[in-house]
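Engineer: Got a structure for you, questions after.
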Amino acid sequence: VQLQASGGGLVQTGGSLRLSCAASGRTFSSYAMGWFRQAPGKERTIVAAINWSGASTYYTDSVKGRFTISRDNANNTVYLQMNSLKPEDTAVYYCAASSGSGTYHRRGSYRYWGQGTLVTVSS
């Protein structure tokens, strides 16, 4: 599966952005999906994850209540709605796909990666 992330940009503190990740292939609905982020000089870490059906989600503590992950299997797309953005959310955001049936928060669980989209939150 090939992944194309989009929707990043520059936003002020407290603003919102919605990231999209479009996937190629007919089997998108069988993949668990995740959003990761990587700030300069730091490791790539999980932000949110969703299982194949959308019934199960996972969020890292720092984004709970502010970010929402969702998916549209009919259109092969996963979204990350980001509200109440903070400067510490500044990073390159990556979407990733896993062929497993669960909801995965470990980077090693994901085989396929998009190219990343930059989110910059100004103070």
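Engineer: Give a quick list of trypsin sites (Lys or Arg not before Pro) in the stretch 1-100 that DSSP marks as loop, anything other than H, G, I, E or B, with at most 11 other Cβ atoms within 10 Å.
Structural biologist: Passing both the DSSP loop test and the Cβ count: Arg26, Lys42, Lys64.
Engineer: Zone of Ser101 (label point 7 Å along Cα→Cβ, backbone N under 13 Å): which residues in the stretch 20-56?
Structural biologist: Counting only backbone N, you get 30-32, 52-53.
Engineer: Please compute the modelled spin-label separation between Asp61 and Leu10, points set 7 Å along Cα→Cβ, answer in nm with one decimal.
Structural biologist: Once both label points are built, they end up 3.3 nm from each other.
Engineer: Considering only protein heavy atoms and a 1.4 Å probe, what is the carbon-and-sulfur percentage of the accessible area of the chain?
Structural biologist: That fraction is 45 percent.
Engineer: Could you compute the FRET efficiency for Glu43 and Gln2, with r as their C-beta to C-beta distance and R0 at 35 Å, rounded to 0.05?
Structural biologist: The value I calculate is 0.90.
Engineer: Here's another thing I want to ask about it. Mean-square fluctuation check for the chain, GNM, Cα pairs under 10 Å: which of Gly54, Gly41, Gly15 is largest?
Structural biologist: Gly41
Engineer: Let me ask something else. Tell me the per residue accessible area of the chain using a 1.4 Å probe; a whole number in Å² is fine.
Structural biologist: Per residue, the chain has an accessible area of 51 Å².
Engineer: Please get the size of the charge dipole for the chain, origin at its Cα centre, with Cβ charges of +1 on Lys and Arg and -1 on Asp and Glu, quoted in debye to the nearest 20.
Structural biologist: 160 debye
Engineer: So between Asp72 and Thr27, what do we pick up on full extension, going 0.36 nm a residue minus the alpha carbon distance?
Structural biologist: 14.9 nm
Engineer: Running a GNM on the chain with Cα contacts under 10 Å, which residue among Asp72, Asp89, Asp61 ends up with the highest mean-square fluctuation?
Structural biologist: Asp61
Engineer: Please arrange Thr77, Thr27 by accessible surface area, largest first, computed with a 1.4 Å probe and ligands excluded.
Structural biologist: From most accessible down to least: Thr27, Thr77.
The values are calculated or read from the model by the stated rules, or taken from the named source; none is laboratory data. All figures in this text were calculated on a predicted structure; none of them were measured in a lab. So basically every Cβ, Gly included, is an ideal-geometry build from the backbone, and we count neighbours across all protein chains shown. The area values use the complete protein model at the heavy-atom level, side chains included, leaving out ligands, DNA and RNA. Shrake-Rupley method; radii C 1.70, N 1.55, O 1.52, S 1.80 Å.
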